[in-house]
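Data block below; observations after.
The values are calculated or read from the model by the stated rules, or taken from the named source; none is laboratory data. Please read these numbers as outputs of a predicted model, since none were measured by experiment. Heads up, the Cβs are rebuilt from the backbone with ideal geometry, glycines too, and the neighbour counts pull from every protein chain shown. Note: areas computed on protein heavy atoms with side chains; ligands, DNA, RNA excluded. Shrake-Rupley method; radii C 1.70, N 1.55, O 1.52, S 1.80 Å.
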Amino acid sequence: MTTYIPSYLRPLSQTRTGTQSGVDQKTDEVEVVRCPDIEVLQFKQHESVGLWVNKQAHQGKQVVTSDRQIQIKKTVDHPERHWWIISHGLLENTSPPLREHADIFDFLIALNLCTRDPVFFSQSPGQVVGGAYSYERGALDYRDDLSPGNIATALLGLNEIPKEIEIMGDVISVYGDVREYRSKHIETDAEMDLRVALHMYDDALSSDLWTAMTNLYFVCENLLSSGRHGNKDQLIADRTILSVDDASAWRKMVNRIKHPDKGENIEGLLDQDELEIPTLRRMRRATNTVLKESMNETNIDS
């Protein structure tokens, strides 16, 4: 049996600072999402899914219907960033049986934990294209001459999103772990730390740059330091792609964001360049590693 899961591909972008418009449109240009390790899982854009598509230009929407059963219809508001996740019997074999909303949410988290690219799958399309209008002779005229945002910020994010995205590793195993820790009866502090971490991780992906940076750090800190003593920077460096200096700079900036009166010799957020903070993409890669390994370790211990 084949299951089609509707989702939106969105960017994990350095430009998500509130000064750049249309950030979520950055993923419109993604052409391919690959999952080479799992043959029963495919990713296809809305228009290439193999379903009959009827374009309704006057509404700015597309109506998708099945080749074989015209009764099934699905309206998609943002087809450029809409992707079908196609499972050939994968989700039907879960135990306990599939619970539509909860398990789809878990599955998207698992996919997001299994990519190194600066994107994430979401049930929400993100920013909706908007703009300003001028009133002339009784009608509203769209102002397409307005700048999308800060030029320096736009240059920072230039070519940030690759045209090909890859899902790596054992997605099925990660999905099982996410599903377990989001639904099981919590009995230990470690299990609770994992449940909270999964929600903080999901929230980080769709947040602004500062919240994302902070949430991802807290996930690493809480999971690696829970019940342990030691240097936090060294703990992160030992388990992730980040160096001790990377982890230290990340920690100091998070402390400055969350506790402005307790910053470690950081006068303000503008001093971040001197800290050489890792990119959001590398922070996310580090957090992916910590979350996946912590779920696996806790599962073995229990």
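Quick look at the values:
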| item | result |
| --- | --- |
| Single condition Gly149 does not satisfy, out of (1) in contact (Cβ under 8 Å) with a residue 40 or more places away in the chain; (2) surrounded by 14 or more Cβ atoms within 10 Å (Cβ to Cβ); (3) touching a helix residue (DSSP H, G or I) at 6+ places or on another chain (Cβ under 8 Å) | (3) |
| Considering residues of the stretch 117-138 that are modelled with pLDDT under 85 and of a type in the set (Phe, Trp, Tyr) only, the residue farthest from Phe105 (Cα to Cα) | Tyr135 |
| Count of residues meeting criterion [in contact with a Leu (Cβ under 9 Å, 6 or more places away or on another chain) and either over 17 Å from Arg10 (Cβ atoms) or part of a loop (DSSP other than H, G, I, E, B) (or both)] in the stretch 21-45 | 6 |
| Tally of residues being within 14 Å of the chain's Cα centre (by Cα) and open to solvent by 40 Å² or more (accessible area, probe 1.4 Å) across the stretch 1-30 | 2 |
| Single condition Asp202 does not satisfy, out of (1) of a type in the set (Asp, Glu); (2) modelled with pLDDT of 95 or more; (3) open to solvent by 70 Å² or more (accessible area, probe 1.4 Å) | (3) |
| Flag for Leu194 being more than 15 Å from Met283 (Cβ to Cβ) and open to solvent by less than 50 Å² (accessible area, probe 1.4 Å) | yes |
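Yes/no matrix, rows are residues, columns are (1) modelled with pLDDT under 55; (2) open to solvent by 70 Å² or more (accessible area, probe 1.4 Å); (3) among the small types (Gly, Ala, Ser):
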{"residue": "Gly50", "(1), (2), (3)": "yes, no, yes"}
{"residue": "Ala57", "(1), (2), (3)": "yes, yes, yes"}
{"residue": "Gly60", "(1), (2), (3)": "yes, no, yes"}
{"residue": "Val64", "(1), (2), (3)": "yes, no, no"}
{"residue": "Asn93", "(1), (2), (3)": "no, yes, no"}
